[in-house]
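Written below as structure tokens is the structure these notes are about.
Please treat every number below as a calculation from the coordinates, not as lab data. Computed from a prediction, not measured in an experiment: that's the story for all the values here. Cβ: placed from backbone, ideal geometry, glycine included. Neighbour counts: every protein chain shown.
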Amino acid sequence: MTDTSTKQPGAASRASSTLSHIVSDLGKNGIFIALIAVVVLFSILTQGILLRPQNISNLIVQNGYILILAIGMVMVIVAGHIDLSVGSVAAFIGAVSGVFAVKMGLPWWLAIILSLAIGALVGAWQGFWIAYIGIPAFIVTLAGMLIFRGLALVVLGNANIGSFPEQYRALGNGFLTDVFGDFAIDPLTMGVGVLAVIGFVVQQVRTRRGRQSYGQDVEPMGWFVAKIVLLTAGVLAFAYALASFKGIPITLIILAVLVMVYGIVTNRSVFGRHIYAIGGNRHAAELSGVKTRQVDFWIFVNMGFLAALAGLVFTARLNLAGPKAGDGFELEAISAAFIGGAAVQGGVGTIGGAIIGGLIIGVLNNGMSILGIGIEWQQAVKGLVLLFAVAFDVFNKRRAGGA
Amino acid sequence: MTQNILEMRSITKTFPGVKALSDVTLQVARGEVHAICGENGAGKSTLMKVLSGVYPHGSYEGDIVFENEVVEFKDIRDSEAKGIVIIHQELALSPYLSIAENIFLNNEVKGRFGLIDWDKANSEAAKLLARVGLRENPTTKILDIGVGKQQLVEIAKALSKRVKLLILDEPTAALNDEDSDHLLDLILHLKEQGITSIIISHKLNEIKKIADSVTIIRDGKTIETIAKTDVTEERIIKDMVGRDLEHRYPDHTPHIGEEILRVEDWTAHHPQDVNRVVVDKVNLNVRRGEIVGIAGLMGAGRTEFAMSLFGRSYGTRISGRVFKAGEEIHTRTVDEAIRNGLAYATEDRKQYGLNLIEDIKRNISMASLSKLATGGLVNDNEEYKVANEYRKSLNIKAPNVLVKTGKLSGGNQQKVVLSKWIYSDPDVLILDEPTRGIDVGAKYEIYTIINRLAAEGKGIIVISSELPELLGICDRIYALSEGRITGELPIEEANPEALLKLMTMETPR
């Protein structure tokens, strides 16, 4: 075996290596390209309404809670489980937070902390049955779906809870804006956008340098720069759209933090590695010393926590904790994870993929609503997209010669 | 000619890269009990799969003549239609269905309108059960009866298909003595009714008891067929193992140090059938730099011993003590076992050893992530470096360590498994069938790695069903039979005959 990195590539082989990197990146990021395609399609169909600043801002705020759930869900699915209860749990926590913040008049921050803690407890309850008693997650969370929907109704006592404190409401529809005064283009938003780009570039360059210093194969410089330029343009355009509307939605800040934290957890932490190991081959993981039950348990505690957070964001957005809240969230979150490339058998899936999957669903929802397409057709279209996305994935794998 | 019910003439069966059967000839006389003997992997099961149509006509060379007629089976139903029924070692019964439902599965007793006539089915089943001497209600569910009785249900099922030639693959491997005796009596009883049987077995006393003739297969070839009057254990064993042992194993000069691991009275029970002892008071030890073999037939409890020792990954009611370098240690969880310096490379790489959808790098780091992590975060680059070092030093044939292990050959997969455990830096490595399913060249490499580890002062336990392998690489060999250590031989005294004698020794319970 000759080491490819020590070979001196000629111009021709360098070009072909660039090309193969582009092709392999396109293959890996097929879902990202699908998102762009959907965005382009609906921009044309809606004659540009989709990409108006206000609509872009709405897209984030309207889908924030689904994206939060998708982050937890993809971890559950990678470990080879499923969680059907997240919608009910979100509704239950929304109701509980209403009791804390409105009925009992607790300070908004305390209400939020307590609600999140109860969400984690709900997760611990389900995790206990799944990890330590060994009941399939499908059954436990199906039961949880009924249990927590019921408890939500009990807590609400057949009435809605409304008029949440302003700071609480900010979770769902607050904006970070006008901190430096009133401008047509919010300077803070643009500043954050620029900082995000700088942070991203620095991180990319450091990773590349690190790999090179260990003698690993890295992608060609041209393609590396091109990718960074493309992403920078995208981020800045996005920041510009937000800046010309109301600024940065609080929901987006929550999401950004979650994506960063969970990105690191899944990619780099020992815990994250254990999730993938369990999903890939549970026996092998067990016989390698992975404490599979413990990992399963914490995955569900985490899912409970994120379901609670999604419940808070949703309740805050509507300024209302109602019995119907969270209806069907679980299916949107599961769809997001699968559209984003998670494998039904477990072991495969990424946070980034789930977020993009969630955005595809969001753009479909939003775009079709703008076009005035009825809810019945929206459902049908989303169903087809899920089916084709997974079918495409299966087909791709089969062509690549098995799992 | 007419007295032969079956003749298999010059059967040759090749799998990609392997000649599993080469010019095998088998003649079975009508009304006899014919035993087939051979080591694991000798080709016995392949031959029976050819006979029963699991490997259809055209996928092998040679002719099968059944009842004086050349037959070409396309699948197992064709062979059953002729009256050839095979009962596999793993019973093919559905646990939640009743005895009668299982007997007539896919062969249902039809009444009016094509519906199943349950009354008739149950009464027919009762008659069949009487023929095999099983006193159970036909409506009893399979999971409510023991393995011995399940075996009888399988035979009843075969009888329902008007069987002429019954093939039993290691029928007594999972049975206790009483059930075994009953089964053997039944085979003789069926013989009186004119049913010919082929029985695949390792147990020499069993063969001597019931077989009218024995055919020995080794390395995919027929060695000889011996008539009952000429059968001796010595002759069978010699036929089974007699092969060239030269130059298959790298030279190994042991530098044996102090005792590194001692296991005392290790006992484990079957996880479901909790009264069944699977590992029975096993005592053994390993010294630094020593390669110790465990020889045993299928079902002797080799893997069960290793897995129960390694974090109680198998069995219930486990007892016994473990000492490392003289100090008692516990191995209650896999994590604890690893921390105490044990490593166990599993028998079945794909099922239990590797995450096939993950790359080489992440498989190698799997058991030692904490070494690569600071503050709970894994250092990717360091991981890559480590994996790459193992790729080079163990000669894993892959362009880089980002290749998924599912795409590697068996030998290279095994090297990844070994890398994983070497990187966990154990004092004792237990290697379960380290070269199963690996070609000869890669085997040699694996042996070299094992030697190198021993030379570094680690204690090695090799579990293998290939006696030549154990004799070729070990310094000392334990024999295991029915969960018990029946003997221990230093390599100077070990030979296949002596080992097989110990491995087939039956210990009174």
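Between A:Ile22 and A:Val202, what FRET efficiency comes out of the Förster formula 1/(1 + (r/R0)^6) with R0 = 22 Å and r the beta carbon distance, rounded to 0.05?
Numbers: r = 24 Å, r/R0 = 1.08.
About 0.40, to the nearest 0.05.
Once you put a point 7 Å from the Cα of B:Arg112 and another 7 Å from the Cα of A:Phe388, both along the Cβ direction, what distance in nm separates them?
For B:Arg112 paired with A:Phe388, the spin-label model returns 5.4 nm.
Would you mind checking the pairs B:Lys191/B:Lys221; A:Lys291/B:Lys49; B:Lys324/B:Lys407; B:Lys49/B:Lys443; A:Lys291/B:Lys44; B:Lys164/B:Lys221 and listing those with alpha carbons more than 31 angstrom apart? Don't skip to the answer; put the middle values down first.
Values: B:Lys191/B:Lys221 28 Å; A:Lys291/B:Lys49 41 Å; B:Lys324/B:Lys407 38 Å; B:Lys49/B:Lys443 27 Å; A:Lys291/B:Lys44 40 Å; B:Lys164/B:Lys221 26 Å.
Violating the 31 Å limit, Cα to Cα: A:Lys291/B:Lys49; B:Lys324/B:Lys407; A:Lys291/B:Lys44.
Go through region B:434-467 and name the GluC sites (Glu not before Pro) that are in a DSSP coil and have 14 or fewer other Cβ atoms within 10 Å of their Cβ. Present the calculation step by step, with values, prior to reporting the outcome.
Details: sites: B:Glu445, B:Glu456, B:Glu466; in loops: B:Glu456, B:Glu466.
For GluC sites (Glu not before Pro) across region B:434-467 that sit outside H, G, I, E and B with at most 14 neighbouring Cβ atoms in 10 Å, the list reads B:Glu456.
Working only with C-alpha atoms, what are the Rg and Dmax values of region B:4-241, expressed in angstrom?
Cα-based Rg and Dmax for region B:4-241 come out at 18.1, 60 Å.
For region B:252-282, which GluC sites (Glu not before Pro) are in a loop by DSSP, counting at most 13 other Cβ atoms within 10 Å? Spell out each step's value before the answer.
On the way: sites: B:Glu258, B:Glu259, B:Glu264; in loops: B:Glu258.
Loop-located and lightly packed - B:Glu258.
For chain A, what's the relative contact order in percent, using C-alpha pairs closer than 8 Å and at least 6 residues apart? Don't skip to the answer; put the middle values down first.
Working: 607 pairs, mean separation 136.2, N = 403.
Computed over chain A, the figure is 34 percent.
Can you pick out the pairs among B:Lys127/B:Lys161; B:Lys208/B:Lys501; B:Lys82/B:Lys157; A:Lys227/A:Lys382 whose Cα atoms lie more than 19 Å from each other?
A:Lys227/A:Lys382
Under a 10 Å cutoff between Cα atoms, tell me which one of A:Gly304, A:Gly383, A:Gly247 has the largest fluctuation in the Gaussian network model of chain A.
A:Gly383
Mean separation of Cα pairs under 8 Å and 6+ residues apart, divided by the residue count of chain B: what relative contact order is that in percent? Mind dumping the intermediate values first?
Details: 1019 pairs, mean separation 72.5, N = 509.
Normalised by residue count, the contact order of chain B is 14 percent.
Distance from a point 7 Å along Cα→Cβ of B:Arg276 to each backbone N in region B:153-174: keep the residues under 14 Å and list them by number.
B:171-174
What FRET efficiency comes out for A:Gln378 versus A:Arg52 if R0 is 25 angstrom and r is the Cβ-Cβ distance? Round to the nearest 0.05.
On the way: r = 20 Å, r/R0 = 0.81.
Working from the Cβ atoms, E equals 0.80.
In the protein assembly as shown, with Lys and Arg counted as +1 and Asp and Glu as -1 at Cβ, which of these residues, A:Thr232, B:Ile142, B:Leu129, has the Cα nearest the positive end of the dipole, that is, farthest along it?
Result: A:Thr232, furthest along the dipole toward the positive end.
Can you give me the distance in nm between label points at B:Lys120 and B:Arg9, each placed 7 Å from the Cα along the Cα-to-Cβ direction?
4.2 nm
Figure the gain on full extension for B:Asn283 and B:Val70 (residue separation times 0.36 nm, minus the Cα-Cα span) and round it to one decimal in nm.
On the way: separation 213, 0.36 × 213 = 76.68 nm, distance 5.40 nm.
Difference between extended and current length: 71.3 nm.
When only DSSP loop residues count, what chymotrypsin sites (Phe, Trp or Tyr not before Pro) in region A:158-233 have their Cβ near at most 11 other Cβ atoms within 10 Å?
Numbers: sites: A:Tyr168, A:Phe175, A:Phe180, A:Phe183, A:Phe200, A:Tyr214, A:Trp223, A:Phe224; in loops: A:Phe180, A:Phe183, A:Tyr214.
Sparse-neighbourhood loop chymotrypsin sites (Phe, Trp or Tyr not before Pro): A:Phe180.
Summing -39500 (n - 2.57) over the DSSP H runs of n ≥ 4 in chain A and dividing by its residue number, what mean residue ellipticity at 222 nm do you reach, to the nearest 500 deg cm²/dmol? Show your work: numbers first, answer last.
Numbers: 16 runs with 290 residues, N = 403.
Theoretical 222 nm ellipticity from helices: -24500 deg cm²/dmol.
Within chain A, which DSSP H helices have Cα atoms that stretch 30 Å or more along the helix axis and a mean Kyte-Doolittle hydropathy of at least 0.5? Working shown, then result.
Working: long enough: A:53-78 (35 Å, 1.49); A:187-213 (38 Å, 0.37); A:221-244 (34 Å, 1.76); A:292-318 (39 Å, 1.11); A:375-399 (36 Å, 0.44).
Helices passing the filter in chain A: A:53-78, A:221-244, A:292-318.
What FRET efficiency do you get for A:Ala37 and A:Ile264 if R0 is 30 Å and r is their Cβ-Cβ distance, rounded to the nearest 0.05?
Working: r = 29 Å, r/R0 = 0.98.
So the FRET efficiency works out to roughly 0.55.
Which far-off residues, 5 or more places away or on another chain, put their amide H under 5 Å from the one on B:Gly62, with H placed in the peptide plane?
B:Thr12
State the extension gain, in nm to one decimal, for the chain segment bounded by B:Asn379 and B:Lys238, taking 0.36 nm per residue of separation less the distance between their alpha-carbons.
Values: separation 141, 0.36 × 141 = 50.76 nm, distance 5.52 nm.
Gain on extension, B:Asn379 to B:Lys238, equals 45.2 nm.
How far apart, in nm, are two points set 7 Å out from the Cα along the Cα-to-Cβ line at A:Asn160 and at A:Gln212?
Between A:Asn160 and A:Gln212, the label points sit 5.9 nm apart.
Choose one of B:Leu402, B:Thr225, B:Gly58: the residue whose Cα lies farthest towards the positive end of the charge dipole of chain B (beta-carbon charges +1 Lys, Arg; -1 Asp, Glu; about the Cα centre).
B:Leu402
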